[in-house]
Amino acid sequence: MSNKNNKIPFSEDNYTHNINRLNERKLDRRGFMKTLAGAAGVFAISSIPWGAVAAKELMGLGEKEYPHKKIADVDELPIGDAVEFKFPGAHDDAILIRLSENKYVAYQNACTHLRCPVYWVKDQGEMICPCHHGKFDVETGSPTAGPPRRPLPEIEIKVKDSAIYAVKVKRYEA
Amino acid sequence: MKRSYIGIVILCFILFLNIIFTQSMVHQFFYENYVNTLIFMGLNLLLFPTAVIAYKKTIDVLE
Ligand code: FES
């Protein structure tokens with residue numbers, strides 16, 4: 001600092017602003033370690049909600065039965081066709097596919113990759129997610145191609161008085 | 001008076017574990033293995049005090 005005055009220009013790598021910042025912007029070892037410890041805290045805190053919801057499900061609160069919901073009439077839905085509906089909540093997209101006279105399958109159709117809606121493609125006999133070409137087996141809901149790794153959650157279906165009802169979302173077999 | 005970098009190595013490793021545990025936790029959650037979800041959450045929670053201790057113990061270590 002002291003011998004700068006009589007040398008012009010003195011050796012300083014910035015001529016445009018002569019405020020000496022004393023390296024205050026520099027990420028030193030200590031600051032870096034503090035950041036890392038802080039990141040661990042953020043990870044810890046943000047995993048709490050997941051655990052809380054998991055605990056809630058474990059205690060059986062998530063097991064609650066939804067009211068049966070009518071999806072369609074049997075004669076409205078030709079064999080090989082699909083209808084979309086909402087189950088169990090008003091924002092949970094689901095799809096019902098009639099495979100044969102008496103065989104129906106229904107899934108929550110948010111793709112298990114990144115939640116795009118999955119469509120039933122009749123001529124290919126497959127459920128296809130347009131986003132990244134994920135494919136699902138229509139009989140079981142399990143992924144057959146593309147990025148998804150987890151089966152679509154299946155919805156239990158009941159046929160009563162020539163109408164089709166959604167009963168509940170099946171759990172995965174552990 | 002050179003500082004040791006052992007703390008940074010340990011903390012980076014903790015961050016690495018954090019990432020792994022978080023991803024496993026989310027996957028286990030969607031697979032509905034809720035016990036495993038809770039285990040991974042516990043591990044993630046434990047890593048935070050570990051990180052703080054690692055920080056305190058290594059911040060002044062000299063080589
Ligand atoms: S969201 Fe369905 S494949 Fe990516």
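Any read-out appearing in this document is the output of simple, stated calculations on the displayed coordinates, not a laboratory observation. As the structure is a prediction and not an experimental result, all values here were calculated from the model. Glycine also receives a Cβ, built like all others from the backbone with ideal geometry; neighbour counts cover every protein chain displayed.
If only one of B:62, B:46 is more than 7 Å from chain A (Cβ to nearest Cβ), out of contact with any helix residue (DSSP H, G or I) (no Cβ under 9 Å at 6 or more places or on another chain) and over 28 Å from residue A:113 (Cβ atoms), which one is it?
Working: B:46 fails: out of contact with any helix residue (DSSP H, G or I) (no Cβ under 9 Å at 6 or more places or on another chain).
Of the residues listed, the single one that is more than 7 Å from chain A (Cβ to nearest Cβ), out of contact with any helix residue (DSSP H, G or I) (no Cβ under 9 Å at 6 or more places or on another chain) and over 28 Å from residue A:113 (Cβ atoms) is B:62.
Within region A:100-139, the set of residues being in contact (Cβ under 8 Å) with a residue 12 or more places away in the chain and away from the ligand (no atom under 16 Å from the Cβ) comprises A:100, A:101, A:102, A:104, A:105, A:106, A:122, A:125, A:139.
Tallying residues that are loosely packed, with under 14 Cβ neighbours inside 10 Å and either touching a strand residue (DSSP E or B) at 6+ places or on another chain (Cβ under 8 Å) or within 13 Å of residue B:15 (Cα to Cα) (or both) within region B:47-63 yields 4. All of A:66, A:172 fail the test of being within 14 Å of another protein chain (Cβ to nearest Cβ), closer than 23 Å to residue B:31 by Cβ, away from the ligand (no atom under 16 Å from the Cβ) and out of contact with any His (no Cβ under 7 Å at 6 or more places or on another chain), apart from A:172.
Among the conditions (1) at positive phi; (2) within 14 Å of another protein chain (Cβ to nearest Cβ), the only one that residue A:111 does not satisfy is (1). Taken over region B:8-39, the residue count meeting the criterion of being more than 7 Å from chain A (Cβ to nearest Cβ) and crowded, with 20+ Cβ neighbours inside 10 Å is 2.
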